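The next block holds one structure in the form of structure tokens; read it before the comments.
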Amino acid sequence: MDREEEHASSKVERVQPPPYVQPRKPEGGTTSDGPSNVPVGAMVRDMGTQDDIRGGKEKYARNQADKTHDKQEGNKRNDLDNVQERKHARIMLGMRILQWLLGLIAFSVMASVTGYSNVKSFQYLLAMGIIVFVLNLPLCGVEWFLIGISYEDEEREVTRVRLYRSMPKINVIYDAIVSFLCFGAASAAAGVTSDPPPGLTACNGGCSDPRAAVAMMFLLAFALVGSLFLGVAKLRKQMAEDAAVLPVSTKGTSQAEAVWQHNFTVGFVLRTFQWMLALVSFACFLSLDNNADFSAIQFAIAIGIIIFIVAFVLMGFELYGRMQNLEYLPLGLGSWLGSLALLGYDVVFALLSFGSACAAAGVTSLDCSVLPFKCSVGRAGVGLMFATWFFMWGSIYISYKDHDKAIMLKEVS
């Protein structure tokens, strides 16, 4: 019994385990290595990602093609800008060389005149010729550098851009100041050479040499005015390019600030000062004894009378506009053409008043012993004419702003 029980118990211990049951497949499916841990949604997303990659590659290719096209167009524009910049530099170089030669001839001829040091206007002309001769040399060097620079040289590209951005401002400031000074020097010397008083040492053998120097100085002044116009055109182009790249908010602010309203009170005050100063100035010149013997004095009288009459008429326009609360000057002076005509008058007669004052100053600066009138009265007239010229600058500014607004309104309409 005991042996049978032991045999039975051994059978119980060697009972086979239950059959292997296949585990349940997860939702994601199976792989050859066993159950997969990647859900079905992830596989769908993988397929979508591959489509996105293909679409992204196509979009990238299109963007690269657009960038290449834009770069080619930009290179064309840059090449065109470089050609225009070189052309402008060549023109400016030619103008500077011409001015340099005229300044050299003017001061060389004047320096050869015997006794020029006894006439202040001749000394003034000599000094202006030397100044232009010296200052134009570095300006010629800069323009020559801009013409000869290689645009493929990246190291000099920054220098080129800085020079092209800064040179128009430098040219405008230099030409505006020096052209007025040269015109004044030529006018002052012309006042003496037109009717030289007896006993003037510099004109004992005739005034041919001083008159030649005066002619050269007048040509120099006109050449400087020409380069001034070129510099202003270049500067306005740069300002237009800068305005084109401004943000929209900044453009709106700039346009809002650019709105100009004509101030009739300020305009009336400026015209009143011009009227009074011109009146007293030509009255002083008329009171000089033998004033008809000097062309410079007669020229100053004529300019004073014209400014006196025109300023009186414009005073009436300013007063009428102030009383009627008008937005523009009456009789079409606020239109594009009228504002241009008024601006032209102010610029021309500002230049003529300055020239006439310098011409009269050339005569009154002589030794009073050789003049047939009182120097003090003539010098007072010169000072008043200079004051008239000063107040005309205020009218130039107002006329310019009126014309600028008229152009803006014309473009909008």
Point to revise | Above-threshold pairs, the threshold being 20 Å between Cα atoms, out of 87/405; 169/237; 87/237; 234/410; 237/405; 87/401 | key: 87/405; 234/410; 87/401
Check your understanding: What does the highest-first list of 212-220, 182-190, 367-375 look like by mean Cβ count within 10 Å?
Key -> 182-190, 212-220, 367-375
**Study point:** Charge context of residue 99, other residues only, Cβ under 13 angstrom, K/R +1, D/E -1
**Key:** -1
Exercise for review: Sort 303-311, 317-325 for me by packing, meaning the mean count of neighbouring Cβ atoms within 10 Å per residue, highest on top.
Suggested key: 303-311, 317-325
Revision key, fill the gap. Ranked output for segments 278-290, 162-174 by mean other Cβ atoms within 10 Å, highest leading, reads 278-290, 162-174
Study note, to complete from the structure: The FRET efficiency for residue 91 and residue 292, from their Cβ-Cβ distance with R0 = 60 Å and rounded to 0.05, is 0.85
Practice item. Would you mind working out the accessible area per residue for the stretch 290-371, using a 1.4 Å probe, and quoting it in Å²? Key: 45 Å²
Study note, to complete from the structure: Env charge @ residue 318, Cβ radius under 13 Å, K,R +1 / D,E -1, value +1
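The values are calculated or read from the model by the stated rules, or taken from the named source; none is laboratory data. Here the structure is a predicted model, which is why all the values come from computation and not from measurement. Every residue, glycine among them, receives a Cβ derived from its backbone with ideal geometry; neighbour counts consider all protein chains shown. When the accessible area is computed, the model is the full protein with side chains, heavy atoms only, and any ligands, DNA or RNA have been set aside. Shrake-Rupley method; radii C 1.70, N 1.55, O 1.52, S 1.80 Å.
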